[in-house]
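Visitor: Shown below is the structure under consideration.
The values are calculated or read from the model by the stated rules, or taken from the named source; none is laboratory data. Bear in mind the structure is a predicted one, so any value in this text is a computation, not a measurement. SASA here: full protein model, heavy atoms, side chains in, ligands and nucleic acids out. Shrake-Rupley method; radii C 1.70, N 1.55, O 1.52, S 1.80 Å.
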Amino acid sequence: MSGKIIVAGGGHGGIATASILAAKGYDVEVYERNSKENMGYDWTDIFDPKSLRKANIPMPDEGLFEYKTDMTFYSPNEKIAIRQRVPQDKLEIKMERKDIYDLLVATAEKNGVKFIYGCTIQGAIVEGDRVVGIKTDMGEIYGALVIDACGCESPVRSSLPEKFGIQKHPSVNEKFYVYRGFYNKATDDYVEDKYKVCLLPEGKLGIGWVATEEKYTDLLIGRFDPFDIKEVERTADYYRGKNPSLGTELVRGGQFVEIPVRQPISIMVANGYAAIGDSAFMTVPIIGSGIANSLRAAPILAKAVMDATRHNFTAESLWQYQYYFYKKLGAGLAPLAVVKLLLTKITPEQLDYIFENKILTWREMTITADTTSITDFAHPALDMPKRGVAILKDKDLLKKLLKVVADVGKVMALCTTLPEKYDKERVFSWAEKYDCIFK
């Protein structure tokens, strides 16, 4: 082995990678700012259970999860609703995030991973052209490789020198500011749409959902711009007017978080460094779900690390991780980010028009954490003449949709040209072209 491997942050993908490597005899340490008991947000998460198997993680006990209810999407004026029809083989599970972490950590510890809790990571230690460790409130920690699992605004990634070519922060409209709280159920009346998702609610750039559960009502507010608790209270009152089950007592949750909703990062490796999960922007861009993709990325990264050992974890030897991630996942996720950008450019009235004229149907709205390709999302051949006539009536909407189609084509074509072997000049050139598509 080539020395200690540091996993910076307790992201799902980082822990899963650590687990795989430790099982193969690697010395792996995970540094996490929270205590073991406080890892994860106080809420449930939805993800594709097949991703656990990909990362060599066992399925949780049946009592710890349930299968998710189909979402119902509402137009901005809330007059039209489209309900998903998720097929049985793509059903996601809903599980407490703390239970997910318990499962991941227990598996990793069993395989020999060492966890250091209560450690705040402050940045990377860089010597010359190489990452050699991390700066923390516990002092400087050195290792042969740093796996960055610190999240959307990773202090490790953001402290890397410009010469590495790795994007430090998400750009405008590339991350969601989210508030989520679980409130008491104000009524036990039957609710037909148990998982109600509102798009561009009140004309604001974002989404909101009200999910009526057995014991509580789950409220999520997501925006592309920051907001505060006063705006949460005002928005919650607005939703209560339309959703009688949403009570006023906060039972649990009540947290603000930041979630990347964008294409995977254009360069995710450097000498002594690799990013995974939210640190590499691996979420499904349209819905912000990232657990499944992070777990799927873990064995790809672990294999690259094992193959790179004798090469001392250089960008060249770690590049196969990025190459195969894009081949299996990234090339499908990037076009979805183009589609997401459309939501930041169309007006609420245009989105109402899209719903009213069935330009979007249940097929396109059946988006899950297993959605990793534009072909899973778009079904242009179905009812195309009818949809086309409706689109042609709104010239501005047509222009925006044609831009999306063109950019989807560009990014799909560009992803096929990702260099198979690392060459700094070719890699940086590819990354510049890739990033330009989303500007």
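Visitor: Between their Cα atoms, which of 327/424; 94/194; 36/230; 24/168; 358/393; 54/110 are more than 21 Å away from each other?
Guide: 36/230; 24/168
Visitor: Another question about this same structure. Please list, in chain and number order, the residues 5+ apart from residue 44 or on another chain whose amide H is under 5 Å from its amide H, with Hs placed from the backbone.
Guide: Sorted by chain and number, the residues that satisfy this are 97.
Visitor: Let me ask another. If you roll a 1.4 Å probe over segment 304-357 with all protein chains in place, what percent of the accessible area is carbon or sulfur?
Guide: 52 percent
Visitor: Over 26 Å between Cα atoms: which of 204/400; 204/340; 135/328; 50/204; 114/328 fall into that group?
Guide: 135/328; 50/204; 114/328, as the Cα separations exceed 26 Å there.
Visitor: Quick one: grab the alpha carbon gyration tensor of segment 195-337, order the square roots of its eigenvalues as a ≥ b ≥ c, and give me rounded if a/c is under 1.5, else prolate or oblate depending on whether a/b is larger than b/c.
Guide: The shape class here is prolate.
Visitor: Next up: Can you bin the chain into rounded, prolate or oblate? Criterion: square roots of the alpha carbon gyration tensor eigenvalues sorted a ≥ b ≥ c, rounded for a/c under 1.5, prolate for a/b above b/c, oblate for the rest.
Guide: oblate
Visitor: Which ³J(HN,Hα) values, rounded to whole Hz and listed in residue order, are derived for segment 75-89 from phi using the Karplus coefficients 6.51, -1.76 and 1.60 in 6.51 cos²θ - 1.76 cosθ + 1.60 with θ = phi - 60°, glycine and proline given as x?
Guide: Running phi through 6.51 cos²θ - 1.76 cosθ + 1.60 with θ = phi - 60° gives 5, x, 7, 6, 8, 10, 10, 10, 9, 5, 9, 6, x, 4, 6 Hz.
Visitor: For residue 395, which aspartates and glutamates qualify as cross-link partners when the Cα separation must be under 18 Å and same-chain residues fewer than eight apart are set aside?
Guide: Residue 395 reaches 349, 352, 356.
Visitor: Could you provide, to the nearest whole Å², the per residue accessible area of segment 264-337 with probe 1.4 Å?
Guide: 23 Å²
Visitor: Using a Gaussian network model of the chain with C-alpha springs under 10 Å, which one of 313, 73, 428 is most mobile by mean-square fluctuation?
Guide: Fluctuation is largest for 428.
Visitor: Quick check: from the Cα gyration tensor, does segment 125-173 come out rounded (a/c under 1.5), prolate or oblate?
Guide: oblate
Visitor: Oh, and also: Which cross-chain or sequence-distant (5 or more) residues have an amide H under 5 Å from the amide H of residue 80, H modelled 1.01 Å from N in plane?
Guide: Here 75 satisfy the definition.
Visitor: Further, regarding this structure: Hey, what angle do you get for helix 291-308 against the long axis of the chain, alpha-carbon based, 0 to 90 degrees rounded to 10?
Guide: 20 degrees
Visitor: Please give the per residue accessible area of segment 133-200, computed with a probe of 1.4 Å over protein heavy atoms only, in Å².
Guide: Roughly 41 Å² per residue, with all protein chains present.
Visitor: So who's got an amide H within less than 5 Å of the one on residue 133, skipping anything under 5 residues away but keeping other chains? H placed 1.01 Å off N, in plane.
Guide: Under 5 Å from the amide H of residue 133: 125, 143.
Visitor: Rounded to the nearest 10 degrees, what's the angle between the helix 97-110 long axis and the longest principal axis of the chain, both from Cα atoms, 0 to 90?
Guide: Rounded to the nearest ten degrees, it is 20.
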